[in-house]
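Beneath this line is the structure, given in structure tokens, with notes to follow.
No lab work stands behind these numbers, since they all come straight from the coordinates. Because the structure is a prediction, the values reported are computed rather than measured.
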Amino acid sequence: MSYIAHLKEGIRTVNRNWQLVFIQMATMFFSFAAFFLIVGIPIGIAFIIFGLDFTEILRLRNLESLFIGSAELMNKYFAMALVLFLSIIIYVLSVSVVWIFAIAGVAGVLKNSIIDRDSRFYFRSFFKEGRDNFSPIMGFSIIVALLFLCVAFVFGLCGGVASNIIDSAKTQEETLALFLSIFFILLLLSFGLTVIFVTLSLTFYGIAQVVFLKLGAIKSLLATMRFLTRHPTAVVFYILVTALYLLAGFVMLLISSPFTLIPIIGTILAFPLQIVNYLLQSYMSLIMIASMFHLFYGLQSQPAHSIEETDTSAEPISEPEPIPHQTDSPEGDESQRPPQNPLQ
């Protein structure tokens, strides 16, 4: 199947499970509300209790007074800083848990709908998939985040080395220094974009490994690396759908921005447009995930299919593990339906 075909299949899958758009919206609004409840209210209460006065910060004129004044303010309002730190930690943890659970449930529902075209969205199935996929997806996300931090650290070291080389070249020849600066900027920019796209592709296809093949965090990471090595076009497809997502957001921004320039009425009209913008972002993000899942499902099933067609007498080649399938009936019975693979 072509990229366009996978994209169309992703749109159809999301349209069959349109309730997921509102789940994405609810998760987004929870992030905003949680920031106000967990961070805003405790800080406001701490302002009143400790009597924080921002005029002391405004009186810090120069760099020396900034450091001395900051130390005095930290000593004076240590309890306030502790409340702020704990509030942010609790907010980040709570929002991360909710987002990972939502992603786990959404990915599971999309997986069921891809394998079984008759499968539809049910809240019971969503919460079941969220519980089943929560732990491996959280572990996988932590591993990818640590891996990305390590790569970012190496990237920072390379940037420091490049800066030292350029400074040394400036003492010898200005033309050479200019050439090296442009060369290293382009090299680091290319390297940085490659790392970002590969890491994000690793994240999305790793989630596909978790929900389709029911692998653990470490096994999903290794299997995703092998998958991207065998199918580098999967990264190209991720770049394509990301570009479409950014293009849709840019168009919506161009439409809504002029309304903010209109006094009074523009502010009133900007609010419903912002809601529509959030809906569009949620819808496009689901299309991205569903399309990438369709590509993953097709490529994961492709080797066995091609072997059967080309040569049935060849030596057996290790095939990918069969993709499990479980669906929940809306009535709540626990009977499992047999796997339905459209490629068979």
Q. Quick one: what Rg and Dmax do you get for the range 3-301 from the alpha carbons, in Å?
A. 24.1, 70
Q) Over the range 148-261, with a single point scatterer placed on each C-alpha, what log10 of the ratio I(q)/I(0) does the Debye formula yield at q = 0.10 1/Å? A) -0.53
